[in-house]
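Colleague: Structure provided below as structure tokens; questions to follow.
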Amino acid sequence: MPDQFAELLLRLRKGAGRTQEEQADAINAASGRQTVSRREISRYENSENVPTNHTLAHIAAASGVPVDELLLAAKAARARRRRGNVREEEDQDDVKRRQLLGSAAIGVSAAAEPWGRLAFALSKGSRIDTPAAVALINRAADLHVQELNLSAQRLQRTVESHLDAITVALPHAGEHERALTIAAGETAALAGWVAWDLSEYDKADAYYDVATACATKAGHPPLRALALTYASYEASTPKRKLELLSQASKDVRGHGNATAAAWVLGRHAEEAAAVGDEIGALRALDRARFAYDFADHTGEQSWARFVTPYRMDSLALSVFGQLGRPELTLTADTAISRLGDELPDGGVVVLGDLASALLHGGDVEQGVHVSRQFTAASQAKPNTMGKERAAKIAARLPDSERELAHHLGQFAA
């Protein structure tokens, strides 16, 4: 009886219109090494062997499917092999695998074609065509949006795999070199942010350096602003945070950067408020809001798609809460109204900043209530900013909420 995972690999290959030898070439092109043979592809498809996680990342890149889904399916396949039989029961993992099989069968020609063309072109030493380059660039932008609803642990492998794919592509980029260099920098900056959230600080710094180098090579200052603003979160002193953000604000001046400028200025306001610079914080926040009035967060810098109105609400809440400003009440009402009944992507950050602001401003009862909402939401919709906010809230909860504070402290750790 054929294994479901083997069937998935077979469907992916046939959907891309490749022979087993061509599939091996595509995977080797994605990895940059000649490590997979036609015989190995045959073994995978006949349930004789399950690829390693490292190889799965390259199969995902060559086939245009999320690596996390292949990892999940492979894990289940290994478990079945250990048990010595294949079970057909409808547990949750089986449902997910069948959905993956269905989507692969229906959408593989559209989803995998750019990746397949890219890998095949690389293996033959030819230039990347425009659709393949566009697929890589769009994927880099999409990853910045996924940061709003995926934990760092889940996002890291996908981001690093995509950075590997662009790295392999760059020597063959031709006329697309600058655009792919920018996409590589955007992906590297996000990889740094994810590494920071996972407390891998040296790794984060290395990725930010790569992003900055890409910005310099491409002559694209807004990309450096992205790296600097991410890096501001981990800077060792308040002074250094503000220095990084001041430089970033210079890099996003000019037409087409309104969304990026709003985010950078909002971060500057947040850090100024943290050191008690009320005048500087309010001035920066006013400039951020003014810039956002002219922003199109879906049509400017591709990475700026995560700077949604919800994110701007969270920055204002953070500033007003830290300064104890009366504008907090109206801003909180506006933010809650914008969230609506169903929490959107990015809403967890708003709840976290609102809870912290209320507790900091002395509205303990309402602050505890929102803290509980944040706790539930951060577990249901994890993202790369939840842990930082959990730590802040835990530190500000009253002694009567020790259990909640302990829970948030564990989550932050």
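The values are calculated or read from the model by the stated rules, or taken from the named source; none is laboratory data. Small disclaimer: the values here were computed from a predicted structure and weren't measured. All Cβ positions, glycine included, derive from the backbone under ideal geometry; neighbour counts span all protein chains shown. Side chains included, ligands, DNA and RNA excluded: accessible areas come from the protein's heavy atoms. Shrake-Rupley method; radii C 1.70, N 1.55, O 1.52, S 1.80 Å.
Colleague: With θ set to phi - 60°, apply the Karplus curve 6.51 cos²θ - 1.76 cosθ + 1.60 along region 277-288 and write out the HN-Hα couplings as whole Hz, x wherever there is a Gly or Pro.
Modeller: Per residue, the Karplus-derived 3J(HN,Hα) values read 7, 5, 4, x, 5, 5, 5, 5, 5, 4, 5, 5 Hz.
Colleague: Say each of Asp142 and Glu48 gets a label point 7 Å from the Cα, pointing the same way as Cα to Cβ; how far apart are those two points in nm?
Modeller: Those two pseudo-labels are separated by 3.4 nm.
Colleague: Could you order Val252, Val210 so the one with the most accessible surface comes first? Probe is 1.4 Å. Each step should come with its number before you reach the end.
Modeller: Values: Val252 5, Val210 65 Å².
Result, largest first: Val210, Val252.
Colleague: Heads up, I need the accessible area for Arg289: 1.4 angstrom probe, whole protein in place, Å², nearest 10.
Modeller: 100 Å²
Colleague: A further question on this structure: Would you mind computing, in nm to one decimal, how far apart the modelled labels at Gln153 and Arg402 are, each placed 7 Å from Cα along Cα→Cβ?
Modeller: Computed distance between label sites Gln153 and Arg402 equals 2.8 nm.
Colleague: Now for a separate question. Could you give the nm distance between label points at Asp68 and Phe290, where each point is 7 Å from its Cα heading toward the beta carbon?
Modeller: For Asp68 paired with Phe290, the spin-label model returns 4.0 nm.
Colleague: Karplus couplings for region 212-227 from phi (6.51 cos²θ - 1.76 cosθ + 1.60, θ = phi - 60°), rounded to Hz, Gly and Pro as x?
Modeller: Listing the rounded values in order: 5, 5, 5, 4, 5, 5, 7, x, 10, x, x, 5, 5, 4, 4, 5 Hz.
Colleague: Here is a further query. Could you sort the peptides 329-335, 351-357 by per-residue average Cβ neighbour count (10 Å cutoff), highest mean leading?
Modeller: Working: 329-335: 16.3, 351-357: 29.0.
Put in order of decreasing packing, that is 351-357, 329-335.
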